[in-house]
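Only one structure is covered here, and it is reproduced in the block below.
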Amino acid sequence: MNKAILFTWLVFIFLLQVFVLNNINFFGYVNPYLYISFLFLFPLNKNRYPFLGCCFFYGLGIDFFSDTGGIHAFSLLFAGYFRLMFLRIFFKKTQIDYLLFSFQKESFGLVFNYVVTLTFIHHFILISLDNFNFQDMGSIFLNTFYSGSLTLILYFLGSYLFRKKQIG
Amino acid sequence: MQQLVYFLRKYRFFLFFLCLETIAMGLIINNHSFHRSKFVSSANSIVGGFYHNSSAISDYFQLAEENKRLVAENNELINRNEQLLKIIDSSKTFLSKDTLKYHQQYKYISGKIQKNQYSSINNFLNINLGKSDHISKEMAVINSKGIIGITEHVSNHYTRVQSILNQNSSISAKLKNNSNHMGNLKWDGKDYNIVQLEGLPRQAKVEKGDTIITSGNSAIFPEGILIGTAINVIGTQTSVNKVVNIQLFNDMSDLKNIYVITNFDKIEIRNIELNADE
């Protein structure tokens, strides 16, 4: 994907998250966190400093708007760090394949596994940090499941709708 | 030395990752303490400006409802004023023209909520008042129906408010009936229209439907600001840990116009409390 288009997409998703998706409050408290698609849109690179730095600041930006301290930065960075590991596990890709890697060339099953794993890791950390105590594990798991499902539905619908315009 | 360089080279991404995670963790812990100044807060000029513009758009959709609410409030205030004028018989009342003797303790500043939050565990609001409107830390935020929160982080034009729907929030409250038993108002993080009153002494009698108001015990809230009605008491009437569930008068998901209360005597009250400690 072209850098300008990528940047526009990331800004759009950011604003969508901050002004619309943070106010969904499904069942009174469940919100989708679609900004995690940052991890799937950002191009793969051998040098990981830019990606990790961007993860941190993208998450921190969300934190500024939702007054959550640093929980989005923490969880997005965490999921971002383990992105390459899951890429190796699910797609068997090494550093040589990074440049030409694209979700559209892979089978949907593999992409699904990869996206679901990263989404739930991210959401679990995010919601645990938000609750800030481990007395109420049941509600953390339940909330992770609900908001994770919402995010995944939105992400897959979105990527299906825009799959011809963006190659990424 | 070479080993060290090799180690750093091998784990350079991991170390960078750890470094950023530590910063994030520091910011999270900082966000949980009321008295530290915040770096990550929606009260800064950029984020506040964004919310200012977005609320300017969304305000239009609530104008009719909000107008109705303000007219109702006006109506109540006019009626109360009439009652007071009846009580004050001007022929018998001594009118003081000496402004030095005149003393006003509270001042109300009106403002608007730009960002409302109620679904999280620790909720914060953002209002369109700041240092330029003489807002400072630890001021009461209310509306016509009852309490909303306490100002926490103030920038030039915007302020972050710690909502009563926040696990760190603790406000002194009491029953409106004749007894002066006081307790702490807390929130358990479950239902955003129900808060809890804790630490009531066991001899305090609470019935379903009792009105709960602020106690005026702290220098932040004046006495008698409405909070809500008691819906049930957890634990028996005589147990030590009596917790009262309170249905708020405010619908916390639907707030717009607010007042921030300045207490002119705050510093004086604080000084007396400090001197008493010594």
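General remarks:
- Summed over segment B:99-115, the residues that are assigned to a loop (DSSP other than H, G, I, E, B) and either at pLDDT 90 or above or among the hydrophobic types (A, V, I, L, M, F, W, C) (or both) give a count of 1.
- Test for A:Thr68: is it outside any helix (DSSP H, G or I) and β-branched (Val, Ile, Thr): yes
- Filtered residue count, segment A:16-56, keeping only those that are loosely packed, with under 15 Cβ neighbours inside 10 Å and at pLDDT 90 or above: 4
- Of all residues in segment B:160-217, those that are in contact (Cβ under 8 Å) with a residue 40 or more places away in the chain, buried (at least 17 other Cβ atoms within 10 Å of the Cβ), in a loop (DSSP other than H, G, I, E, B) and away from every other protein chain (no Cβ under 14 Å) total 2.
- Those residues of segment A:60-83 which are touching a residue at least 24 places away in the same chain (Cβ under 8 Å), at the interface with chain B (Cβ under 8 Å from one of its Cβ atoms) and not hydroxyl-bearing (Ser, Thr, Tyr), in sequence order: A:Phe65, A:Ile71, A:Phe74, A:Leu77, A:Phe78
So that you can scan it fast, the table gives a plain yes or no per residue for (1) within 26 Å of B:Met25 (Cβ to Cβ); (2) assigned to a helix (DSSP H, G or I); (3) under 18 Å from the mean Cα position of the chain (by Cα):
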site: A:Ile96; (1), (2), (3): no, yes, no
site: A:Leu99; (1), (2), (3): no, yes, no
site: A:Gln104; (1), (2), (3): no, yes, yes
site: A:Phe120; (1), (2), (3): yes, yes, yes
site: A:Asp130; (1), (2), (3): yes, yes, yes
site: A:Ser139; (1), (2), (3): yes, yes, no
site: A:Leu142; (1), (2), (3): yes, yes, no
site: A:Leu150; (1), (2), (3): no, yes, yes
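- Segment B:50-71 - residue that is without any contact (Cβ under 8 Å) to a residue 12 or more places away in the chain and of a type in the set (Gly, Ala, Ser) and, of those, farthest from the other protein chains (Cβ to nearest Cβ): B:Ala64
- Of all the numbered requirements in (1) without any contact (Cβ under 8 Å) to a residue 60 or more places away in the chain; (2) under 27 Å from B:Asp254 (Cβ atoms); (3) part of a loop (DSSP other than H, G, I, E, B), A:Leu16 misses one, and that requirement is (3).
- Test: residue in segment A:37-58 that is under 15 Å from B:Tyr118 (Cα atoms), in contact (Cβ under 8 Å) with a residue 24 or more places away in the chain and not in a loop (DSSP other than H, G, I, E, B): no
- Matching residues, segment B:124-148, being surrounded by fewer than 24 Cβ atoms within 10 Å (Cβ to Cβ) and outside any loop (DSSP other than H, G, I, E, B): B:Lys131, B:Ser132, B:Asp133, B:Ile142, B:Asn143, B:Gly146
The values are calculated or read from the model by the stated rules, or taken from the named source; none is laboratory data. Keep in mind that this is a model prediction, so the values were computed, not measured. Quick reminder, even Gly has a Cβ in these numbers, built from the backbone with ideal geometry, and neighbours come from all protein chains shown.
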